[in-house]
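The values are calculated or read from the model by the stated rules, or taken from the named source; none is laboratory data. All of these numbers come straight from a predicted model, not from anything done at the bench. Every residue, glycine as well, gets a Cβ built from its backbone with ideal geometry; the counts of neighbours run over all protein chains shown. Accessible surface is based on the protein model in full, side chains and every heavy atom, while ligands, DNA and RNA are left aside. Shrake-Rupley method; radii C 1.70, N 1.55, O 1.52, S 1.80 Å.
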Amino acid sequence: RNQNKPRPTAAMLDTLSLRCGVALRVWPEVEPASVAQTVAFAVGTAVSFVALVVVNVLGSTGAIGVGTNADLSRKYPTPVTPAGYAFSIWGLIFLLQAVWTVTLCVAAVLAVRAARSGAVAAEPAALSARGAAAALGWWLCAAWWFESLWTFAFNYDVIWLSLSLMYGAHGTLLVAALRAYAAASRAAKDDGAGLLTALVSPAAARAPYGAPPTRVDALKRIGVAAVTVVPTGVNVGWVTVAAVVNTFIVVTRYAGTPGAYGAP
């Protein structure tokens, strides 16, 4: 008789994630973006991502500034500077961010087509993508522009400015990551049982946005959550490390410690 009862672990995880979001109050309750907003977010995200990649390529090849990122890192050695191979994580970060950018652009195209065809309802995955777009909004775009400007400041050896931009990137990325997680956890409020329960026991979950509670719906929504939470989470994790390193570099640069401007 309890076959349709939500599994405690899944329900507890989804409910806990929602309650943590409400308790922290870092983000407001976010409704799915309108069609116009989704298109605007898609265009802004695409432009910001392309700019981020181009600037990073220029910075890593020495096309801008007085040296590459690696050159400046060697100029200001610190006890916490990661090994050179650790910076290859940027390849993974760019790949994950590209997946989200493409996903958002596809969601925008589908939203426009649905609007032109006069469709009123949208499938759960489409609404999830538009919800994620509204959650990330311009926060992620701002973070990417902070990162792009950081490359200019660091490569031109304006270390104090690079630190300010790094903390700007960290702050906006953190908000974006938390908002993305809140949007992904919205099913805990909408479905009653949440995404995890819908995947494990779909009959136990009320239909999200009125759609049939199938495993396919749950997988699609989890997929949308993955391409928002994972990229921003990995990015904010690495930028946290980078902010610490950048802080040590400022000390090295302005305190005249060994390695700074030829200091003994």
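Heavy atoms only, 1.4 Å probe, whole protein assembly: order T151, T247 by accessible area, highest first.
T247, T151
Report the FRET efficiency, 1/(1 + (r/R0)^6), for A114 and T240, where r is their Cβ-Cβ distance and R0 is 51 Å, rounded to 0.05.
Computed FRET efficiency for A114 and T240 comes out at 0.85.
Using the beta-carbon distance between V99 and S164 and R0 = 25 Å, what value does 1/(1 + (r/R0)^6) give for FRET efficiency, to the nearest 0.05?
Efficiency, from the Cβ-Cβ distance: 0.25.
Please list 3J(HN,Hα) in residue order for the stretch 153-166, calculated via the Karplus relation 6.51 cos²θ - 1.76 cosθ + 1.60 where θ = phi - 60°; whole Hz, with x for glycine and proline.
4, 5, 5, 8, 6, 9, 5, 4, 6, 4, 5, 4, 5, 5
Over the stretch 39-112, average the accessible area per residue using a 1.4 Å probe and give it in Å², no decimals.
Here the per-residue accessible area is 48 Å².
Could you tell me the calculated FRET efficiency between A46 and V251, based on Cβ-Cβ distance and R0 = 30 angstrom, to the nearest 0.05?
The computed FRET efficiency comes out at 0.20.
Could you order peptides 231-240, 131-140 by the average number of other Cβ atoms within 10 Å of their residues, highest first?
131-140, 231-240
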